[in-house]
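K.L.:
The structure under discussion is supplied below as C-alpha cells; questions concerning it will follow.
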Amino acid sequence: MGRPTCYRCFKPRVTCICGTLPRVENDTEVVVFQHPRERFHHVGTARLLELGLSRSRLVTLRPGDPRTTQELPEDAVLLYPSPMATDLRSMPPSDRPKTLVAIDGTWHHAKTLYRDTPWLRQLPCVKIRPDAPSRYRIRREPRPECLSTVEAVVEALRAIEPQTRGFNELLGAFERMVDRQLEHPALHRQDPRRKTRPAHQRGLPRSFFDAF
C-alpha cells in the first residue's frame, strides 16, 4: 500500500502543510496553467497558491491546447522571462496588471507550453528579479535567479500590490513543506526526475528513449 495522501494538496500526509496555510486576500487574479505531469507531483508548489490565495485558479494545460486568450481578461499578463518581458517593479501603479498568468511545471515543461501554445505567446510578458536565491532546495533550478512557481507568483504579487498582507506567511508554509520533505529522504527519492534507467538501457543515449 502507498503512503496516505492529503486530498487537498496531493502530498503525503507526513509532509502536508494544509493546516498551516494562511488565507491571503489578494486583489490581483492569479491564473496558473499547469503542465499535466505536474498535477499530482508531491513536491509541486502551484497547489499552495490555489489553497492560499483568495483569488487564484489552477488549470491543467496541455501543449497546443486550442483555447484562446478570450477566456482571460484583456489586461492579463504572463509571468515569463521572455527577452521582451517588462520588469514588474519598474511599472507605475497605474500600469500594474489586474490578472497575472503563470505557467507551472519544470523549466522544460514551461518552455514547451510557451512554445507550443500560440495564444500564450500573445500575452504581454512580465518578469520579476528575485532579491534572494530560491528556497526550493528539493529541486534543481537551471539558474540561480530561477524560482519555484509559488515563489515567483508571490514576488510578482508583492510588486503589484505591496499593501497586501500574508505573503510572508504563505512563503513560510512553502519553506515548511520543503523542510518536511527533506526530513523524509525516502519520499524525495521518489521524484521521477531522479529515476535511473535500467542497467540494460544505460549504454544508450537518452534521446533514443525520448523519441518514443
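K.L.:
Cα gyration tensor of the range 1-120, axes a ≥ b ≥ c as square roots of the eigenvalues: rounded (a/c below 1.5), prolate (a/b > b/c) or oblate?
P.N.:
oblate
K.L.:
When only Cα pairs under 8 Å and 6 or more residues apart are kept, what is the percent relative contact order across the range 74-181?
P.N.:
Taking the mean separation of contacting Cα pairs over the length of the range 74-181, I get 30 percent.
K.L.:
Oh, and also: Check each of the chymotrypsin sites (Phe, Trp or Tyr not before Pro) in the range 9-51 and keep only those in coil by DSSP with at most 14 other C-beta atoms within 10 angstrom; list them in order.
P.N.:
Listed in order of number, the matching sites are Phe10, Phe40.
K.L.:
Let me ask you something else. What ranking, highest mean first, results for peptides 155-164, 170-179 when packing means the other Cβ atoms within 10 Å averaged over each residue?
P.N.:
170-179, 155-164
Values in this text are rule-based calculations from the coordinates and carry no lab data. Just so it is clear, the model here is predicted, and its values are computed rather than measured. Cβ atoms come from the backbone with ideal geometry, glycine included; neighbour counts cover every protein chain shown.
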